[in-house]
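Have a look at the structure below, then the notes.
The values are calculated or read from the model by the stated rules, or taken from the named source; none is laboratory data. Because the structure is a prediction, the values reported are computed rather than measured. Here the Cβ is made from the backbone with ideal geometry for all residues, glycine too, and neighbour counts use every protein chain on show. The protein model used for the area step is the full one, side chains on, heavy atoms only, and it has no ligands, DNA or RNA in it. Shrake-Rupley method; radii C 1.70, N 1.55, O 1.52, S 1.80 Å.
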Amino acid sequence: MGSVARATLRSVAVGGRHVLRSWPGLLVVLAAYAVVSVPLLVAGAAYPQLLGVVAAGVVAAAWYGSALGRREARRRVG
């Protein structure tokens, strides 16, 4: 593996770790979208992206209304 590839992978890893630490709710919401929309897309269902957005919205409301969401918000502010 070349030095450019190693540096790129290192940057991606550092950025991923930062996002995971700073915005775990965002990752949960994106995962919910992917879990719903990708299988529906593969199955040929109608409007898989719309159903994924609905699922992501439900998960976002649950996450940010929960104690974990409040903890995340407090950590980010202070």
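Condition check for Val77 on (1) open to solvent by 50 Å² or more (accessible area, probe 1.4 Å); (2) in contact (Cβ under 8 Å) with a residue 12 or more places away in the chain: one failure, at (2). Checking the stated criteria, Leu68 turns out not to satisfy the condition of being free of Cβ contacts under 8 Å to residues at least 12 places away in the same chain, exposed (fewer than 15 other Cβ atoms within 10 Å of the Cβ) and either in contact with a strand residue (DSSP E or B) (Cβ under 8 Å, 6 or more places away or on another chain) or in a helix (DSSP H, G or I) (or both). Among residues of the stretch 41-65 being open to solvent by 90 Å² or more (accessible area, probe 1.4 Å) and of a type in the set (Phe, Trp, Tyr), the one that is nearest to Val77 (Cα to Cα) is Tyr64. For the stretch 5-16, taking the residues that are of a type outside the set (A, V, I, L, M) and over 29 Å from Leu50 (Cα atoms), the one that is surrounded by the most Cβ atoms within 10 Å (Cβ to Cβ) is identified as Thr8.
Test of understanding: among Val29, Val38, which residue is in a helix (DSSP H, G or I), open to solvent by 40 Å² or more (accessible area, probe 1.4 Å) and modelled with pLDDT under 95? If you could, list the steps in order and put the result at the bottom.
Values: Val29 fails: open to solvent by 40 Å² or more (accessible area, probe 1.4 Å).
Answer to the check: Val38.
Rundown of residues vs (1) at pLDDT below 90; (2) among the basic types (Lys, Arg), yes/no style:
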residue	(1), (2)
Val12	yes, no
Arg17	yes, yes
Leu51	no, no
Gly65	no, no
Arg70	yes, yes
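Checking each residue in the stretch 2-26 for being in a helix (DSSP H, G or I) and touching a residue at least 12 places away in the same chain (Cβ under 8 Å) picks out Ser22, Pro24, Gly25.
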